Ligand code: PMP
C-alpha cells in the first residue's frame, strides 16, 4: 500500500494530463511557431489552454504567459519588474517565509544594489498588512508576498495587502506567489489587486516543468532571456507544448471540482489531526487547524522525535511525508519558515509536513495515525534509553 501525503512537494499527474502529453508526443508534435498546418494545430491548442488559465484567474488571455513552473515565474516577474521600474526607486518588500525561488531572487537583487525589506511573521506565520504598509517608502517599486506558505499552509491576507499597497501608491507592483493556492483556494487577480502571479503545474496534477505567469496589462517586465520572441518575448524558447496541454487538462479538472475537493481534503486533514492529537502525547500543531490555514497542508511537531527518523519509519510502511519544503530539505538546514515563526530548534527538528490531495481518504488516515502512534512510541522509548 502507498499513501502519498507529500502533495505540496508534487502531485501525481492525472490520467487526462498524461493522455494530453502523449497526444502531443505522437500527433500534435509541430512547433507552434511554424506556419504550416502542424504548427497551426498545436498553436490553436495552446491558445485554448491560455484561455482556460485566464478564465480561472479572471484576466485576459494576453495576460497569461507559459513558463517552466513556479521558480521561473517568480524569477521572470521579480527580477524583470525590479529592473523595469528601477528609475522609479530601488526599494523592494517581501516576507521572510517565502519560497527560495523568491527569497534568493531578492538576495540576488540586494547584491545588485536594490534595498530589500523582509517583513517578519507572527507566531502563526502571517504578516500584518499594516506592518507591511509601514515598510513602504517613496522608493518602493515592488512587493512580493506568497498566498499560501508551502511548509505550514498559512494563508496570507493578500486581499488586504493588495488594498494597503494600492492605497499607499497605485504605482507599486504587487506580485503573488500562488504556487500552493492556485486551483485550490479562491483567487481573483482583479478583486485582490494583484499585478503579477506565479502558478506551477505539478502542484495541481499536471507534469513538472510547466507553469504560468500572470502579468497585468501595462505592467512592465524586463525579459530575463533573449530569444525568438515566444510568449510575447517574456519567456522565449520553443513552448513545452505537451506539458502546456497537460496543464490545460489539470486546470479544467481542478476548477470544475474545486469546492468539492477542498471540502474533501479539509475532512481528511481534520481527521488526521484529531487522530494524532487524541492518541499521541506531546504533539504540537505548527500553526492552527482553523481556516487561516490551507486545508491542503498541516505541519505537526512530534516532540522528542527526530522528524527525519519518523519520516523514514513511515516510508517503510509506504507512507510518504515531508520534513518541510522539498526544495530546502536536501540542504540539511533548519526550516527558515518555522524559525521565522519563533519555534525552538527541538520543535523544528521534530516537525513533519503532511499535504493532501483529492486522492487521500479517511481510511488512509486511520492507517497513518496507527503507524505514527507506533513509531513515535518506539522512537521515544529508544531516545529515553540513550
Ligand atoms: N513557490 C512555492 C510556494 C512552492 O511551494 C514551490 C514549489 N515547492 C515553488 C514556488 C517552485 O515551483 P516549481 O517547483 O514549479 O519551480
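Can you tell me how much longer the chain between residue 281 and residue 320 gets when fully stretched, taken as 0.36 nm per residue apart minus their C-alpha distance, in nm with one decimal?
Stretched out fully, the residue 281 to residue 320 stretch lengthens by 11.8 nm.
Contact order normalised by length for the chain, with contacts defined as Cα pairs under 8 Å and 6 or more residues apart; what percent is it?
After rounding, I find 24 percent.
Go ahead and run the numbers for FRET between residue 62 and residue 186, Cβ-Cβ distance against an R0 of 22 Å, rounding to 0.05.
That pair, residue 62 with residue 186, gives E of 0.40.
Could you give the distance between the Cα centres of segment 81-158 and segment 336-383, to the whole Å?
Here the answer is 29 Å between Cα centres.
Just to be sure I understand: with springs between alpha-carbon atoms less than 10 Å apart, which residue in 285, 143, 165 has the highest mean-square fluctuation in the Gaussian network model of the chain?
Fluctuation is largest for 285.
Pop the C-beta distance of residue 312 and residue 252 into the FRET formula with R0 = 41 Å and round what comes out to the nearest 0.05.
E(calc), rounded to 0.05, equals 0.65.
Helix 307-316: angle to the longest alpha-carbon principal axis of the chain, degrees 0 to 90, nearest 10?
Long axis of 307-316 versus the principal axis of the chain: about 90 degrees.
In nm, to one decimal, how far is the modelled label at residue 290 from the one at residue 135, with both set 7 Å along Cα→Cβ?
Each label point is offset 7 Å from its Cα along the Cβ direction, giving 2.3 nm.
Going highest first, how would you order 152-163, 371-382, 176-187 by mean Cβ packing within 10 Å?
Those peptides, ordered most packed to least, come out 176-187, 152-163, 371-382.
Within segment 293-312, name every residue whose backbone N is under 20 Å away from a label modeled 7 Å from Cα of residue 382 along the Cβ vector.
What the label zone holds, given the 20 Å backbone N cut-off, is 301-312.
List the equivalent ellipsoid semi-axes of segment 1-136 in whole Å, largest first, each obtained as the square root of 5λ for an eigenvalue λ of the Cα gyration tensor.
Taking √(5λ) for each eigenvalue gives 37, 23, 14 Å, largest first.
Convex hull volume of the Cα atoms in segment 235-371, per residue, in Å³?
So the per-residue Cα hull volume is 159 Å³.
Please give the helix 158-168 orientation as an angle from the longest Cα principal axis of the chain, in degrees from 0 to 90, rounded to the nearest 10.
In the chain, helix 158-168 runs at an angle near 50 degrees to the longest axis.
State, to one decimal in nm², a quarter of the convex hull surface area for the C-alpha atoms of the chain, i.e. the direction-averaged projected area. Don't jump to the answer; show the numbers that get you there.
Details: hull surface 77.2 nm².
Over every viewing direction, the Cα hull of the chain projects on average to 19.3 nm².
Take residue 26 and residue 361, extend 7 Å from each Cα along the Cα→Cβ direction, and tell me the distance between the two endpoints in nm.
3.0 nm
To the nearest 0.05, what FRET efficiency results for residue 167 and residue 86 with a Förster distance of 25 Å applied to their C-beta separation?
Working from the Cβ atoms, E equals 0.60.
Label residue 110 and residue 339 with points 7 Å out from Cα along Cα→Cβ: what is the distance between them in nm?
1.2 nm
Does anyone have the angle between helix 37-57 and the longest principal axis of the chain? Alpha-carbon axes, 0 to 90°, nearest 10?
It works out to around 60 degrees.
Rule-based calculations on the coordinates, nothing more; no lab input. The shown structure was predicted, so the numbers you read here are calculated from the model rather than taken from an experiment. Cβ sites come from the backbone with ideal geometry, for glycine too, and all protein chains shown count toward neighbours.
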